[in-house]
Amino acid sequence: MWKPHDKGISSVPDQGEEGAKTAAPFLSASPPFASDPNWTLVEAGFDPGRESGIESIFTLANGYVGTRGSLAERASASSPVTYLAGVFAGTEGTGGTLQLAELPEWTHLRIQVEGVPLSLDTGTTLDHRRILDLQHGVLFRYWRHQDDRGRVTTLTYARAVCLHDRHLLLQSVTITPENYEGDITIESEPSNPQSAIHWSSELKGDAAFFQGKTDRGTTIAMASHSRLQHEKGLESAWNGSGEACAEQWVWRAKRGTAARFDRSVVVYSSREVRDPVSAATDHGRRAVETGLGANLLRHAQAWEDRWRASEVEVVGDETAQRALRFAAYHLQSAVNPQDEHVSIGARALTGPTYKGHVFWDTEIYLLPFYTFTDPQAAGALLSYRFHTLPAACDRARRWGYEGALYAWESADTGVDVTPETVRTPDGRMVQVLTGIQEHHISADIAYAVWQYWQATADEKFFLEAGADILIETARFWATRGRVEPDGRYHIRMVIGPDEYHESVDDNAYTNVMAQWNLERAADTVDWLRSLHPHVWPVIRERLRLAPDEPDSWRRTAALMVTGFDRETNLFEQFAGFFDLEELDLQAYRPMSVPIDVTIGRERTQRAQVVKQADVVALSALFWERFPVAVHEANVRYYEPRTAHGSSLSPALHALVSARLGEADLAARYFHDAAAIDLAPHGGKSAGGVHIATLGGLWQAAVFGMGGIRLREDGLVVDPHLPSTWDRLSFPLQWRGRRILVTIERMPGQVTIDFRSGEPMTIELSQGFVHRITSNHRYVAHWVGPGWGGWQESKR
């Protein structure tokens, strides 16, 4: 499926000399786009069977709006959707379905030559490509079509969902009749997608306006300005069908002479402004005055700025390089640093699966990317959890607990929106227990808060929001279990990350995370008392914290059952796991379908079969908490028992394998994770890209192969490059400092370019520690069994 575009990407690719000449006047304002094939994804031809997945992969988004990479003319098997982040339609609660709001189809265009529609389903497709420029966030499409009368038309499309102006969407198409002259018509009639949103529309002058209201009371407004420019000047739209916003443009085209259609669309909702209609109207007028070309250039520049802060470069493995750029592209597309009331759903803004609901994926798989490359975005995502803390506290109270129990699936308010039942692959309806039993999410969020604070030193966030989250989640764990006659604290009837096994007792991942949460909450209180004595009374009163609570959290943590056996160094995944049936998964590999489908749900529950990293996830999160021998023992035990039935699994296995020095095994898992969306014959992305997997790829590269870990006064760099990776480099931010880390396998070298900030500490493996200062470059070489001295130079 994926191949480089060998001639690079331009605004009018491969039109031929005559077409390029005639189109040039209309494209003079367009920015330069990626010529490096490793910055582009190209889909050649058109396969209806793969279309849904292609549209997900080619999605354009900016954390506020996401538009799938569908074809403008509504081709067969196409699913054109534009999602609006933070706005949900439907109902919460029993029997309800709450999903992300869908906007009218702003990209729709129907082009006719002498009354005959151009379609991939008719005539002859001479050439057809979609080209996603990852570097600049622009989707191009090149199409040469020959109709039944032999008329050849070349169409070049460009589309952007702006990063410099998140309310602005851009579309452009250049149309060239190669061997004929005649009437060409463009029609645009956006459809209204969701019954839960009532839309009205009207045409005013050169603009089309759409206004919708969700059944939850949110108003959405869109203002669309379009124009057609050809050799005779500008062409205005007219209402050709009598429908409210069915626009039409007609002109007499000459052979070899290009015309260009441009559209600018502005979106607002009452979630962010009081009067979205006026906001969209005024903003739309300003966007037209600025011009599509100038806005496209600013958008491209904004993307280049983001890449300077986040690009991971791999030399020696082109597949890994493209996967990491694809991952970072979608990660940056998914977040809006200016909006702290929105988080990222399991498929971001790329597809319908999970309806935009937010899971634990965001904190465990996505947050590290933002924390170390875009701290403002990370802070905004964690602020979403603070704003939904009241719903989490209410949920805990309703279930008879104290503190905060976060929803397993969350939308805008934080109320749990997990479905009650789901249909299995064999057609049966089964109860969904994750919303009832998968409680580790509360500790996952606390973990992300602590990691963010340690990496950024953002005391303002911690004092105003982070401490509340840590304390309220600790209160939940202090009441979720109980001390039993054996004198130990047990947490029963839960589901861990291994969702094949439900209603288990003392899941190791859940209990260790709870133990850690309790300890860090107690540490937080100590820190507040000692370093912020003037603020602490305010927080104590706000949370109504009893004097003995922190000590009780520490006692509970000390009594927590973790399933750890000192003799074997193994964690038992849950009570009784070691007594389950041994099953040789190798006999079932490679798995074209999940193992629970192959052997049945009941047998899977009776066997030592793990859906995804569970105990192994503890090694990814708590490397410093346990000796390396413990990590080794548990990976050796659980790795052959893991079926990787979740897209979340391979990336964490890649991270942990690399840290254990199994770099080539890590690379294999890395490529398995990348193939989930980017497999040559179509991945599994029909319902949207697997955004958590993409976050996991970044972690595998930076935390695994790059060996980055946190220490109190800086960072640890303990690299393990696969044999196919000659060089790995990546930028990082730590507490206001900016550095670039470069690791070269041969001759065994680590280079730190300290770009800005106060002095910090870098520790290499073998305890080699050095204090570094900004505007300097530091190079360390591997000499024999350890690192040689640093070579320091001015940058």
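A few points about this structure:
- Condition check for residue 370: under 16 Å from the mean Cα position of the chain (by Cα) and surrounded by 18 or more Cβ atoms within 10 Å (Cβ to Cβ): yes
- Criterion violated by residue 190 - all others in (1) over 16 Å from residue 110 (Cα atoms); (2) open to solvent by 10 Å² or more (accessible area, probe 1.4 Å); (3) modelled with pLDDT under 95 satisfied: (1)
- The range 636-649, residues that are in a helix (DSSP H, G or I) and open to solvent by 10 Å² or more (accessible area, probe 1.4 Å): 636, 637, 639, 640, 641
- Cβ pairs under 6 Å, 6+ apart, first in the range 560-577 and of a type in the set (A, V, I, L, M), second at pLDDT 95 or above and open to solvent by 40 Å² or more (accessible area, probe 1.4 Å): 561/488; 570/637; 575/505
- A residue that is open to solvent by less than 40 Å² (accessible area, probe 1.4 Å), under 30 Å from residue 501 (Cα atoms) and either out of contact with any helix residue (DSSP H, G or I) (no Cβ under 9 Å at 6 or more places or on another chain) or not small (Gly, Ala, Ser) (or both) can be found somewhere in the range 547-557.
- Among the residues of this structure, residue 261 does not count as one that is under 24 Å from the mean Cα position of the chain (by Cα) and open to solvent by less than 10 Å² (accessible area, probe 1.4 Å).
- Count of the range 142-170 residues, restricted to those that are under 24 Å from the mean Cα position of the chain (by Cα) and either among the charged types (D, E, K, R) or over 22 Å from residue 50 (Cα atoms) (or both), is 12.
- Residue match in the range 137-144 (condition: modelled with pLDDT of 95 or more, aliphatic (A, V, I, L, M) and surrounded by fewer than 21 Cβ atoms within 10 Å (Cβ to Cβ)): no
- Filtering the range 99-116 to residues that are open to solvent by 50 Å² or more (accessible area, probe 1.4 Å) and under 17 Å from residue 71 (Cβ atoms) leaves only 110.
- Tally, over the range 264-313, of residues that are in a loop (DSSP other than H, G, I, E, B) and either open to solvent by 50 Å² or more (accessible area, probe 1.4 Å) or small (Gly, Ala, Ser) (or both): 6
- Residue count for the range 578-616, restricted to those that are in contact with a helix residue (DSSP H, G or I) (Cβ under 8 Å, 6 or more places away or on another chain) and in a helix (DSSP H, G or I): 9
- Qualifying residue in the range 742-749 (condition: within 19 Å of residue 369 (Cβ to Cβ) and out of contact with any Ser or Thr (no Cβ under 6 Å at 6 or more places or on another chain)): yes
- Residues located in the range 516-542, provided they are farther than 15 Å from residue 448 by Cα, free of Cβ contacts under 8 Å to residues at least 60 places away in the same chain and not acidic (Asp, Glu): 522, 525, 527, 529, 530, 531, 533, 534, 536, 537, 538, 540
- Odd one out for residue 59, checked against (1) of a type in the set (Ser, Thr, Tyr); (2) farther than 24 Å from residue 220 by Cβ; (3) open to solvent by less than 10 Å² (accessible area, probe 1.4 Å): (2)
- In summary, residue 126 fulfils each of the numbered conditions (1) open to solvent by 10 Å² or more (accessible area, probe 1.4 Å); (2) within 20 Å of residue 260 (Cβ to Cβ); (3) of a type in the set (A, V, I, L, M, F, W, C) with the single exception of condition (2).
- Cβ separations smaller than 7 Å between residues 6+ apart or across chains give the following pairs from the range 483-498 residues that are modelled with pLDDT of 95 or more and surrounded by 14 or more Cβ atoms within 10 Å (Cβ to Cβ) to residues that are in a loop (DSSP other than H, G, I, E, B) and among the aromatic types (Phe, Trp, Tyr): 496/574.
- Lone unmet requirement of (1) of a type in the set (Gly, Ala, Ser); (2) at pLDDT 95 or above; (3) not in a strand (DSSP E or B) for residue 160: (3)
- Residues in the range 761-795 that are basic (Lys, Arg) and not in a strand (DSSP E or B): 795 alone.
- Subset of the range 130-152 [closer than 22 Å to residue 292 by Cβ and in a strand (DSSP E or B)]: 130, 131, 132, 133, 138, 139, 140, 141, 142, 143
- Cross-chain or 6+ apart pairs with Cβ under 8 Å, the range 74-93 first and at pLDDT below 95 and part of a loop (DSSP other than H, G, I, E, B), then open to solvent by 10 Å² or more (accessible area, probe 1.4 Å) and among the hydroxyl-bearing types (Ser, Thr, Tyr): 75/119; 77/52; 79/52; 91/97; 92/413
- Of all the listed residues (53, 63), the sole one being touching a Ser or Thr at 6+ places or on another chain (Cβ under 9 Å) and on the phi > 0 side of the Ramachandran plot is 63.
- Meets criteria (under 26 Å from residue 720 (Cα atoms) and either open to solvent by 40 Å² or more (accessible area, probe 1.4 Å) or at pLDDT below 95 (or both)) for residue 631: no
- Every residue from the range 612-660 that is over 20 Å from the mean Cα position of the chain (by Cα) and of a type in the set (Ser, Thr, Tyr): 619, 637, 638, 642, 657
- The one condition in (1) at pLDDT below 90; (2) touching a Pro at 6+ places or on another chain (Cβ under 8 Å); (3) more than 26 Å from residue 289 (Cβ to Cβ) that residue 253 fails to fulfil: (1)
- Within the range 745-760, the residues that satisfy the criterion of being open to solvent by less than 50 Å² (accessible area, probe 1.4 Å), under 16 Å from residue 731 (Cα atoms) and in a strand (DSSP E or B) are 750, 751, 752, 753, 754, 756, 760.
- Sole exception among (1) within 16 Å of the chain's Cα centre (by Cα); (2) on the phi < 0 side of the Ramachandran plot for residue 688, by number: (2)
- For the range 756-789, a residue qualifies if it is farther than 22 Å from residue 315 by Cα and touching a Leu at 6+ places or on another chain (Cβ under 9 Å), and the qualifying residues are 760, 761, 762, 763, 770, 786, 787.
- Taking the conditions (1) open to solvent by 10 Å² or more (accessible area, probe 1.4 Å); (2) more than 26 Å from residue 252 (Cβ to Cβ); (3) touching a strand residue (DSSP E or B) at 6+ places or on another chain (Cβ under 6 Å) in turn, residue 157 satisfies each one other than (2).
- Residue within the range 674-691 that is in a strand (DSSP E or B) and among the basic types (Lys, Arg) present: no
The values are calculated or read from the model by the stated rules, or taken from the named source; none is laboratory data. These numbers were taken from a predicted model, which means no experiment stands behind them. Cβ: placed from backbone, ideal geometry, glycine included. Neighbour counts: every protein chain shown. Each accessible area value is taken on the protein alone, full model and side chains, heavy atoms only, with ligands, DNA and RNA left out. Shrake-Rupley method; radii C 1.70, N 1.55, O 1.52, S 1.80 Å.
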